[in-house]
Every structure is written in structure tokens, then in C-alpha cells.
Amino acid sequence: MSNHRDAASQNFLDTATTTALWLDQLGEIQQRPALDGNVDVDVAIVGGGFSGLWTAYYLRQLDPTVRIAIIEKHFCGYGASGRNGGWAEGGLAVGPEKYSQWSSMDAAMRLVHAMYDSVDEIGRVVRAEDIYCGYAKGGWIRLARNGPQDRRLRDEMAEPDAHGTLLSAEQARGYLNATDVRSGAYTPHCAAIDPARLVRGLADAVEREGVTIYEDTSVASIDERETEANIIRTNKGTVRADVVVRATEAYTRDLIGERRALLPVYSLMVATEPLPDAMFDEIGLADRPTFSDDRFMVIYGQRTEDNRLAFGGRGVPYLFGSAISEQAETHDDSHALIRETLIEMLPVIKDVQFTHRWGGVLGIPRDWVPGLRFDSASGLGVLGGYVGEGVAAANLAGRTMAELIHGEPTERTDLPWVGHTVRNWEPEPFRWLGVRSSRRILAAADDREYASDRDAKLAYRISKFLKGA
């Protein structure tokens, strides 16, 4: 594909900054002090993203006397929490039928509604803590843009537990005036946010509540208690704690013995310059709904508070050995492809400047099922594995983890994702072969669906590229 780039694509790759839009708009980030020596606390949280920060926030609400320390390798929001698509979506990577396999459908639907509530809970905390993050609960518009997508979406929306309302082509284009729209679905349970401002504001909020945050501190291992405390070993000292929570998502692979716990997979994004209101009169997105279409190779977008389009997709394949590479976060062909995909959907933007391109990793468990668990005997807790849908899920997971640590049952502590365990990913090379093969199957499925429709040449080229990536 790189041999066929037009001048506009090449100019975009040459001029766009590779810092995430959200982090770039924060300006220079001053890191908090690192750990300096050994400390003892009641609760230590490894990871300064949404999961760890929400756990600390709610735990201090439940018990203002508990001593909490958060240990972060870089700075709060460095990872997926500061680089994602800015969707606080009331959904999980798998549907309720998956959770009902070991509970009941009633319990699984309680989890669904708890996820819906988490979107509003984020809005409540944002207002209470005066966190300015562009929170806008505009919902999510999901488009079907070829025949197979249309049939699949209609079948899904006919189910009694459907996550949305079926829309005609005309109704769907009223939300987003994209090309080739056949039908759509809309759910109100999603808010667009600036994730970096949310995660940094949340870090400030927990500090005001008395939580200590150590940044620039790398954790090597978490050693389960042999006597009276668990030990976290870092490059700057040790932390002893009755309770340790692992909230490291894709970076779990950096901990000794945890390389196969979660699969780090890349998602990449682009963003345009601020667009004039007149252009959005044609595009739509009047109430800032997030948007996607129903292809297998995931895409996602939003209209930002300052009138940009921020748009992403899964472009870079899994790297052997669960590697995490900064070079993969700025993969030229993938970023050019994501830009082309957005222009194909919205041709009116073909001449606008794309100012940012960036990427990051998300964590995928072996069964693709997000969850959390806490062992009161050992004092060890784990949460995450959100498969790229973690902004709202981390709120619910962190709130639930805090309640589990506090020890008082609530309507959340018996939800079916609590206590879920999953086996590790296979060792290499089987992990690499399996993931790459699955990716090719999904790309081939998109290929067949788009090739069956008229005027789908770009989508056909996209899937051909993905199969060879």
C-alpha cells in the first residue's frame, strides 16, 4: 500500500504529530515524585490508569482513613487511559449471554444495566470533582454499510436484550451522514470524553482525598504475602501492603511471571484539525454521538469538543512475544489506512488537514471476557482485560473492587464478572500463530462482505492490506 500513497496521505504522515491528541492538548506533563525507599500502606495499587484511580477514589469514599499508594511507571494516563478513543460506553467486549454461562441471564442483565449506570456515574463524578473533560452523553450511532452488515444488525436488534434501537437508513444518516448507509442502531448509553483530561483530573481528585501517587516508578514483581504483608518490588524501593491491586492492563506483560496473562494488541488513531460548524451541518454528529460501522475489524470515532474528528481502528497486528513497541504505535501504512477509511465514510473531509496520529496497546484476556477478582485471604486483587472498551468498564470495576476490599456486600459485588478467572494465553509461537490467523479470518470476512456489494473498492483494498499485514 505504501507504494500507492497519494500526496495528501504522504503529507499527513510527514506532518502530523505522533503524540496522542488528548495528551498533546494537556501541554507539558509534570511527573509526580517517584518512590524513594521503602513504604508501608494498607492498600497498594499498581497502575495509574482508570482502573487503579477509580479503585482508589471509591475506596477513600468508603473509608477516609485507609492508607493508599498508587505506583505508576510513567505518569497517570500514559497508557490506554490517556490515548483511547474517548468512548465511555455502557457495554462490555462480550454480551450478557457469555456471562450467563456461569450465572444466570438475570444476573448477566444486572451487569448490563450496571454498565449503563456507570456512564452516568462518570458524569456525576466529573461534575462533583469539577473535572473538565468535555463529557457529552450523546449516545452511540452504529451503521450498517453493506448488505451482510445490514442483515447482521437487524438480526441483533431483533433480540430481546439488544444493545440499541434499530434505525432506517434515513434515520441513521440523521445522526451521521456517511456513505452507503443501509441501516443503523442507536444506544443512549455512551458519552464522548477527553480521556486524558479525565484521567489526570481523577488523579488530582484522589490526591486531594489523601491518596499518595508515585510516578516514574517501575514495578518488577508482586510477591504474595509469606507473613503479614504483600511485597511490591520496584526500581526505587519496596512497598509493603495488606492489599495489592493489579491494574496494569496490557502492561501486565512487564511483571515477572505475567507475560501470558493479557495479550497486548494495538489500536491506532488519527485526528483532524478543528472543522467549521458548516461542515458538521453536512456530517451530522450534532449531539456528539460516538460512531462506528459494523465491520469485523473494529473502527470507532467521535466529534471532539473543539470540533475535530478523532477516529481509530485496529491496524497493527500482534507482535511476537507480546512485545510492546513505540514504532508500532506510529505504523505508517496503518495510519494512512485509517485516514482513508474515514474519508471514504465522509468524503466532505477529503481536503481537511489531519493533525495527529498515534497508537497504544489494550489488554485482551484469553476468553475475551473482562472481569475482576479479589482474594481476601491473600489480599490480592486483579481487574481489567477490557478489550478496548475500558473507559466506563474501569469505573464499574474500580468501584466494585473498592467495595470488595471494604468488605461490605453491595448490588455490584455479586455481579457475574466478579471472581471470573481465565487461563493464560498459549506460549510462543502458538500465541502468535493463533492471533495472526484469527486476524486474517476477520479481515477476510470483511473482504467478502464488502466485495459482495457494489462500489466497495476501497473497502476491498483495505481488507486485502490487512490480510497481508
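The values are calculated or read from the model by the stated rules, or taken from the named source; none is laboratory data. Bear in mind that the values here come from a model prediction, so they are computed numbers and not experimental data. Cβ sites come from the backbone with ideal geometry, for glycine too, and all protein chains shown count toward neighbours.
With segment 134-227 as the region, which helices (runs of 4 or more DSSP H) entirely inside it contain at least 3 residues that are crowded, with 24+ Cβ neighbours inside 10 Å and of a type outside the set (D, E, K, R)?
Numbers: elements: 147-157, 169-175, 195-208.
Hits in segment 134-227: 195-208.
Checking TRP54, TRP102, TRP87 one by one, the residue that is surrounded by fewer than 16 Cβ atoms within 10 Å (Cβ to Cβ) and either aromatic (Phe, Trp, Tyr) or more than 20 Å from the chain's Cα centre (by Cα) (or both) is TRP102 and no other.
For segment 59-90, a tally of residues being of a type outside the set (Val, Ile, Thr) and either in contact with a strand residue (DSSP E or B) (Cβ under 8 Å, 6 or more places away or on another chain) or at positive phi (or both) returns 18. For VAL265, the conditions (1) part of a helix (DSSP H, G or I); (2) of a type in the set (Val, Ile, Thr); (3) over 23 Å from MET401 (Cβ atoms) are fulfilled apart from (1). All of PRO264, PRO274 fail the test of being of a type outside the set (D, E, K, R) and over 17 Å from the mean Cα position of the chain (by Cα), apart from PRO274. Here ARG399 meets the list (1) assigned by TED's automatic domain parsing to the domain that holds VAL94; (2) in a loop (DSSP other than H, G, I, E, B); (3) of a type outside the set (Phe, Trp, Tyr); (4) out of contact with any strand residue (DSSP E or B) (no Cβ under 7 Å at 6 or more places or on another chain) almost entirely, failing just condition (2).
Taking first residues from segment 111-128 that are in contact (Cβ under 8 Å) with a residue 12 or more places away in the chain and farther than 22 Å from ASP161 by Cβ and partners that are among the small types (Gly, Ala, Ser) and not in a helix (DSSP H, G or I), the Cβ contacts under 8 Å between residues at least 6 apart in sequence or on separate chains come to ILE122/ALA88; ILE122/ALA191; GLY123/ALA191. Evaluating GLN101 against the criteria (1) out of contact with any helix residue (DSSP H, G or I) (no Cβ under 6 Å at 6 or more places or on another chain); (2) within 30 Å of HIS406 (Cα to Cα); (3) modelled with pLDDT of 95 or more leaves one unmet condition, (3). In the condition set (1) over 30 Å from PRO429 (Cα atoms); (2) in the same structural domain as ASN38 (by TED's automatic domain parsing), ALA247 is compliant with all but (1). With the requirement that a residue be aliphatic (A, V, I, L, M) and on the phi > 0 side of the Ramachandran plot, what does segment 355-397 give you? Result: VAL387, single match. Filtered by the rule that a residue be under 23 Å from GLY388 (Cβ atoms) and surrounded by fewer than 24 Cβ atoms within 10 Å (Cβ to Cβ), segment 59-84 gives LYS73, HIS74, PHE75, TYR78. Contact map, segment 227-247: residues that are under 17 Å from HIS74 (Cα atoms) and at pLDDT below 95 paired with residues that are in a strand (DSSP E or B) and among the aromatic types (Phe, Trp, Tyr), Cβ distance under 9 Å, separation 6+ or inter-chain. No pairs are found.
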